[in-house]
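Working notes, structure below.
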Amino acid sequence: MQLARCAAAGIRRVEATSGYGAAMTVRYKWRGAFSSDELNALHAAAFGTRVFTDEEWDWVDLTAKHSLGWVVARDEHRLVGFVNVVWDGLVHAWIQDTMVDPRDHHRGVGRQLVADAVAASRAAGCEWLHVDFDDDLRSFYFDACGFTPTNAGLIALQQ
Ligand SMILES: CC(C)(COP(=O)(O)OP(=O)(O)OC[C@H]1O[C@@H](n2cnc3c(N)ncnc32)[C@H](O)[C@@H]1OP(=O)(O)O)[C@@H](O)C(=O)NCCC(=O)NCCS
């Protein structure tokens, strides 16, 4: 029921200027379609990692099993941004892997991805949306996206 309500959130279009210098219309879709292949390419570009294979990182399967939803941003067919929203199944949701193609940074794509994730998590009945990040992204999450500071903790389990 909750997921059906979120899926009905629809597509939002926002005009911007692309990294190629041309005007672009970015379309944002909650639980929009994507392939693991294109998401692994976007992840590598955004985070500066190697490109993982679909066998190593099957985004489609993982998000289907573990996410409340996700937001896909496209300029025509090109994937320009993505954010994943995992949850506890009821009250808490967490932002993971906010990523925007470096050619499209500072055009408001990241802010809109998170805004749509906030709206969809609220519509699903969640009460809290969490995120953690490095110091250099304080301006993005606090000032641009509206998160407030809180105490949080982290353990690096594989080190
Ligand atoms: C962080 C990220 C998603 C932001 O995407 P974006 O589309 O460029 O962000 P926006 O254009 O919506 O930025 C809105 C405002 O947030 C702030 N902001 C954005 N990126 C920032 C950054 N890297 N550092 C500090 N502030 C930032 C700025 O104030 C910006 O306004 P401005 O463009 O007028 O300067 C993008 O830089 C990215 O993909 N980074 C690599 C992956 C990553 O680290 N993801 C976060 C994991 S927690």
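The values are calculated or read from the model by the stated rules, or taken from the named source; none is laboratory data. It should be emphasised that the depicted structure is a prediction, and the values quoted were computed from it without experimental measurement. Glycine also receives a Cβ, built like all others from the backbone with ideal geometry; neighbour counts cover every protein chain displayed.
One table, with the values for the structure above:
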item: Any hit, region 33-49, residues being over 21 Å from C145 (Cβ atoms) and charged (D, E, K, R); result: yes
item: Hey, D97 charged (D, E, K, R), within 14 Å of the ligand (Cβ to nearest atom), at positive phi and modelled with pLDDT of 95 or more or not; result: yes
item: T63 being near the ligand (Cβ under 8 Å from one of its atoms) and closer than 23 Å to V26 by Cβ; result: no
item: Flag if G69 is more than 16 Å from the ligand (Cβ to nearest atom), within 23 Å of V14 (Cα to Cα) and not β-branched (V, I, T); result: yes
item: Within region 73-148, strands (runs of 3 or more DSSP E) holding 3 or more residues that are under 10 Å from the mean Cα position of the chain (by Cα); result: 78-87, 92-100
item: Answer residue from region 119-159, given it is over 17 Å from V91 (Cα atoms) and in contact with a Lys or Arg (Cβ under 7 Å, 6 or more places away or on another chain) and is farthest from the ligand (Cβ to nearest atom) among those; result: C145
item: Where a residue in region 45-59 is under 21 Å from P102 (Cα atoms) and its partner, wherever it lies, is assigned to a loop (DSSP other than H, G, I, E, B), with Cβ under 8 Å and at least six apart; result: A45/D101; A46/D101; W59/F34
item: For V80: the one exception among (1) among the β-branched types (V, I, T); (2) modelled with pLDDT under 95; (3) in contact with an Asp or Glu (Cβ under 8 Å, 6 or more places away or on another chain); result: (2)
item: Only listed residue being among the small types (G, A, S), at pLDDT 95 or above and under 24 Å from A156 (Cβ atoms), chosen from A124, A46, A64; result: A46
item: Identity of the residue in region 4-31, more than 13 Å from D75 (Cβ to Cβ) and either surrounded by 13 or more Cβ atoms within 10 Å (Cβ to Cβ) or of a type in the set (F, W, Y) (or both), that ends up modelled with the lowest pLDDT; result: C6
